[in-house]
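Participant: Got a structure here, written out as structure tokens. Questions coming.
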Protein chains: 2
Amino acid sequence: MKEIKGTIATPKGFLADAVHAQLKYKNLDLGVILSEVPAAIAGVFTTNKVCAAPVLLDRKIIQKGSAQAIICNSAIANAVTGKQGFENALKTQQLVAEKFQLKQDEVAVCSTGVIGVQLPMEKIATGITKLSKAGQAEYFAQAILTTDTKTKTINLEGEIGGKKVNMAGVCKGSGMIHPNMATMLAFITTDANIAQPLLQKTLTQLIETTFNQITVDGDTSTNDTVLVMANGQAKNKEILEGSSDYLLFKAMLGKVCQDLAQKIAADGEGATKLIEVTVNGAPDDLAARMIAKKIVGSSLVKTAIFGSDPNWGRIISSIGQVATFEVSDIQLKLQDELVLYHSTPVTFDSVFLSEKLKEQKINIVADLNSGTGTGQAWGCDLTYKYVEINALYTS
Amino acid sequence: MKEIKGTIATPKGFLADAVHAQLKYKNLDLGVILSEVPAAIAGVFTTNKVCAAPVLLDRKIIQKGSAQAIICNSAIANAVTGKQGFENALKTQQLVAEKFQLKQDEVAVCSTGVIGVQLPMEKIATGITKLSKAGQAEYFAQAILTTDTKTKTINLEGEIGGKKVNMAGVCKGSGMIHPNMATMLAFITTDANIAQPLLQKTLTQLIETTFNQITVDGDTSTNDTVLVMANGQAKNKEILEGSSDYLLFKAMLGKVCQDLAQKIAADGEGATKLIEVTVNGAPDDLAARMIAKKIVGSSLVKTAIFGSDPNWGRIISSIGQVATFEVSDIQLKLQDELVLYHSTPVTFDSVFLSEKLKEQKINIVADLNSGTGTGQAWGCDLTYKYVEINALYTS
């Protein structure tokens with residue numbers, strides 16, 4: 001596979017557009033992805049017990065397993081909006097179905113933005129009438145942004161079963177809320193031919209090591225959603241589990257998920273640095289991932305990285321907080337410099353290491369010498385800007 | 001019971017002192033608490049798998065159940081210091097035993113400060129020689145501080161079994177580390193007559209609703225320790241479980257624990273406000289406590305409070321993240337103002353509420369309408385100052 005330029009509509013048989021529906025003051029805020037034919041659709045959603053109305057709706061679509069459109073608005077999350085909120089999500093779905101002559105239950109709905117505010121349905125309705133199959137697909141990535149400072153996209157091309165297969169991903173996510181902006185939405189399209197149950201199984205697996213391993217502020221939003229549509233228009237032979245075709249497909253989907261996840265972490269609210277934590281030598285992969293995520297989510301580690309401070313004690317303390325096994329033989333490297341060996345402090349040049357910690361990508365690698373489990377997690381530093389962004393008034 | 005003025009040595013038969021052992025540049029950094037007779041000693045310790053050398057030592061003393069002294073240094077945590085660190089803790093214990101003619105295993109040892117640095121044993125030894133039974137007991141509260149901005153003490157007096165009983169508490173704790181300062185140490189003395197097993201049982205229970213319900217930055221240090229010494233010098237009849245005497249003793253110990261815990265939260269690194277979260281209507285108390293702690297620990301809630309922002313969506317989202325039951329009927333009050341009723345947003349005067357959120361004590365009360373469980377948690381706001389304190393160089 002290789003990375004190429006493109007949009008969410010680069011895979012065959014997909015279209016996309018976005019408009020300004022006046023939910024935001026001036027930026028694009030309503031986008032649609034369309035497939036010319038019904039596509040297999042897989043999805044994973046927030047585990048937050050308080051989930052937004054569109055999440056309730058989309059769960060049913062995933063159960064059914066096919067869809068032809070995704071409509072997404074930013075600025076308003078349609079969460080904690082009660083019965084009216086669910087009716088508004090249904091109405092949005094209905095309007096999109098009418099506009100593009102689709103069955104209503106083939107339209108997935110996503111929202112991100114302020115919690116506790118109802119969608120202005122007249123604006124939504126007017127916006128939907130302006131969406132067009134002849135629209136600009138690259139606009140979609142802009143329309144879903146909230147506090148994000150940049151669009152986040154990736155396009156891959158691979159050959160599966162002798163056919164060129166395309167995959168595209170776009171996502172948003174910066175902090176959970178500002179004011180109350182929902183964290184993370186990701187949309188992935190592919191023209192690969194794969195059955196929905198296998199697509200769902202693969203996505204569910206890959207989420208664990210990608211999107212679920214990023215943290216900006218430790219909060220899980222009410223709206224988190226990842227949707228994958230596969231419409232089969234590459235006309236490859238159906239991808240079956242266990243085949244070499246499947247391995248390649250899974251690698252492509254994994255690459256897209258990981259790339260988008262890292263882009264969210266790097267664009268975390270107020271972030272100046274991307275932090276990648278790798279944990280080796282844990283009893284199993286799950287333990288390694290939990291520890292990696294604890295380290296990258298620690299406010300103390302995050303502030304130390306912001307200050308380019310080789311303050312490794314905070315990392316070791318984070319490990320100890322979530323380890324359920326003995327951690328008495330730790331090796332720790334910061335930016336490839338060894339600071340702890342067999343759990344004994346190593347003398348290092350702290351001025352030199354501080355300089356290396358000023359780079360934009362920070363690597364923390366811990367080896368726990370307790371097994372073969374490995375895991376990674378991604379996050380960002382905690383800065384004055386984060387506090388500033390999140391202390392501003394909603395009102 | 002009533003609150004009185006006093007020191008950690010106000011309960012009968014206790015003495016205390018502190019000196020400058022040159023671990024810090026100029027402030028007091030080494031203190032001792034002595035009981036004239038062996039006291040029942042109870043303790044709870046950090047759950048961090050990477051725990052400091054003195055914690056290992058003190059766990060054995062608690063098993064034995066009696067002690068006559070506590071020696072505590074600040075500035076250096078003696079954590080992640082390997083075999084040498086444990087030997088230094090033992091040596092400290094031995095020096096204090098010799099100085100005050102005690103059995104070595106009657107001396108508990110505590111440290112708080114930088115992780116990964118060995119104690120300078122010559123300075124410790126010299127410091128110990130300067131400690132005196134004729135010393136100033138009020139110095140002790142100063143000697144254990146790290147990034148704390150003030151001493152934290154409380155004294156209570158009550159009548160148990162016809163005798164005046166005194167109880168005193170002192171603690172330190174501000175953030176986990178700066179640079180790498182260990183969070184939380186608390187020492188409680190009482191002249192009450194109570195057997196060690198009941199003292200331990202009572203402390204273990206009370207910890208759950210007091211010290212374990214505070215959070216400054218979500219990190220559990222390598223050194224957290226709470227020790228209670230009861231030396232029986234009030235000469236009251238032994239306090240037995242189930243008696244009215246016991247209820248009063250438990251109320252006193254609970255008051256001391258809660259008071260010290262709140263003082264730590266209010267003095268959190270960079271804090272400008274104490275936040276108290278009360279959760280009612282959970283299925284059980286444990287669920288209520290977990291939810292309260294999640295709310296008070298959320299960076300998004302903490303920054304909103306710093307900004308006096310009535311951003312209630314963040315609170316609801318926090319509830320949803322840890323609730324394992326349906327939360328579809330929530331009532332929420334901020335500073336006594338209703339903002340959500342039956343999970344439906346209530347129109348409120350946001351300018352007025354923002355003003356009320358500028359107070360130094362913030363109350364958040366959530367009723368989940370799912371049972372009779374209640375719980376509280378305490379924390380502080382997340383400020384520019386927190387980032388500044390924690391981004392500074394260790395080196």
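The values are calculated or read from the model by the stated rules, or taken from the named source; none is laboratory data. Given the structure is predicted, the values throughout are model-derived calculations rather than measurements. Note that each Cβ is placed from the backbone with ideal geometry, even for glycine, and that neighbours are counted across all protein chains shown.
Participant: When residues of region A:378-395 are filtered for being closer than 20 Å to residue A:210 by Cα and within 14 Å of chain B (Cβ to nearest Cβ), how many remain?
Facilitator: Restricting attention to region A:378-395, the residues satisfying the condition of being closer than 20 Å to residue A:210 by Cα are A:378-381.
From the residues that got through so far, the ones that are within 14 Å of chain B (Cβ to nearest Cβ) too are A:379-381.
Count: 3.
Participant: Looking at residue B:375 and the list (1) buried (at least 20 other Cβ atoms within 10 Å of the Cβ); (2) in contact with a Lys or Arg (Cβ under 6 Å, 6 or more places away or on another chain); (3) within 12 Å of chain A (Cβ to nearest Cβ), which single condition is not satisfied?
Facilitator: (3)
Participant: Looking only at region A:313-331, filter to residues that are over 14 Å from residue A:296 (Cβ atoms), at pLDDT 90 or above and buried (at least 23 other Cβ atoms within 10 Å of the Cβ); which one of those is nearest to the other protein chains (Cβ to nearest Cβ)?
Facilitator: Out of the qualifying residues, it is A:316.
For (1) more than 13 Å from chain B (Cβ to nearest Cβ); (2) crowded, with 21+ Cβ neighbours inside 10 Å; (3) within 17 Å of the chain's Cα centre (by Cα), each residue gets a yes or a no:
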residue: A:232; (1), (2), (3): yes, yes, no
residue: A:242; (1), (2), (3): yes, no, no
residue: A:246; (1), (2), (3): yes, no, no
residue: A:264; (1), (2), (3): yes, yes, yes
residue: A:282; (1), (2), (3): no, yes, no
residue: A:290; (1), (2), (3): no, no, no
residue: A:301; (1), (2), (3): no, yes, no
residue: A:304; (1), (2), (3): no, yes, no
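Participant: Going residue by residue through region B:79-95, is there one that turns out to be over 16 Å from residue B:132 (Cα atoms) and in contact with an Asp or Glu (Cβ under 7 Å, 6 or more places away or on another chain)?
Facilitator: No, that holds for no residue.
Participant: Next question, about the same structure. Exactly one of these conditions fails for residue B:277: (1) more than 13 Å from residue B:322 (Cα to Cα); (2) of a type outside the set (D, E, K, R); (3) touching a Ser or Thr at 6+ places or on another chain (Cβ under 6 Å); (4) buried (at least 24 other Cβ atoms within 10 Å of the Cβ). Give me its number.
Facilitator: Evaluating residue B:277 over (1) more than 13 Å from residue B:322 (Cα to Cα); (2) of a type outside the set (D, E, K, R); (3) touching a Ser or Thr at 6+ places or on another chain (Cβ under 6 Å); (4) buried (at least 24 other Cβ atoms within 10 Å of the Cβ) leaves (3) as the failure.
Participant: Mind listing whichever residues of region A:306-345 are part of a loop (DSSP other than H, G, I, E, B), under 18 Å from residue B:221 (Cβ atoms) and not hydroxyl-bearing (Ser, Thr, Tyr)?
Facilitator: Once the filter is applied, which keeps residues that are part of a loop (DSSP other than H, G, I, E, B), under 18 Å from residue B:221 (Cβ atoms) and not hydroxyl-bearing (Ser, Thr, Tyr), region A:306-345 yields A:309, A:311, A:312, A:323, A:327, A:330.
Participant: In region B:231-243, how many residues are within 21 Å of residue B:209 (Cβ to Cβ) and at pLDDT 95 or above? I'd like the intermediate steps shown before the answer.
Facilitator: First, the residues of region B:231-243 that are within 21 Å of residue B:209 (Cβ to Cβ): B:239, B:241-242.
Keeping just the survivors that are at pLDDT 95 or above gives B:239, B:241.
Final tally of qualifying residues: 2.
Participant: Let me ask you something else. Residue by residue through region A:16-32, note down the ones that are touching a Lys or Arg at 6+ places or on another chain (Cβ under 8 Å) and buried (at least 21 other Cβ atoms within 10 Å of the Cβ). It would help to see each step written out before you state the result.
Facilitator: Of all residues in region A:16-32, those touching a Lys or Arg at 6+ places or on another chain (Cβ under 8 Å) come to A:17, A:19-23.
Within region A:16-32, A:17, A:19, A:21, A:23 qualify.
Participant: Could you list, in sequence order, the residues of region B:341-372 that are closer than 26 Å to residue B:268 by Cβ, hydrophobic (A, V, I, L, M, F, W, C) and either more than 14 Å from every other protein chain (Cβ to nearest Cβ) or surrounded by fewer than 17 Cβ atoms within 10 Å (Cβ to Cβ) (or both)?
Facilitator: First, the residues of region B:341-372 that are closer than 26 Å to residue B:268 by Cβ: B:353-366.
Among the residues that remain, those that are also hydrophobic (A, V, I, L, M, F, W, C) are: B:353, B:357, B:362, B:364-366.
Matches in region B:341-372: B:364, B:365.
Participant: Tally time: how many residues in region A:262-285 are of a type in the set (Ser, Thr, Tyr) and in a helix (DSSP H, G or I)?
Facilitator: Let us first name the residues in region A:262-285 that are of a type in the set (Ser, Thr, Tyr), namely A:272, A:278.
Filter once more, so that each one left must be in a helix (DSSP H, G or I): none.
So the answer is 0.
Participant: Another question, if that's okay. Do you know which residues across region B:185-201 are in contact with an Asp or Glu (Cβ under 8 Å, 6 or more places away or on another chain) and crowded, with 24+ Cβ neighbours inside 10 Å?
Facilitator: Selection gives B:185, B:194.
Participant: If residue A:52 meets every condition in (1) at pLDDT 95 or above; (2) under 25 Å from residue A:390 (Cα atoms) apart from one, which number is that one?
Facilitator: Here residue A:52 meets the rest and fails (1).
Participant: I'd like to check something: does region B:121-143 contain any residue that is buried (at least 22 other Cβ atoms within 10 Å of the Cβ) and within 14 Å of another protein chain (Cβ to nearest Cβ)?
Facilitator: There is no residue in region B:121-143 that is buried (at least 22 other Cβ atoms within 10 Å of the Cβ) and within 14 Å of another protein chain (Cβ to nearest Cβ).
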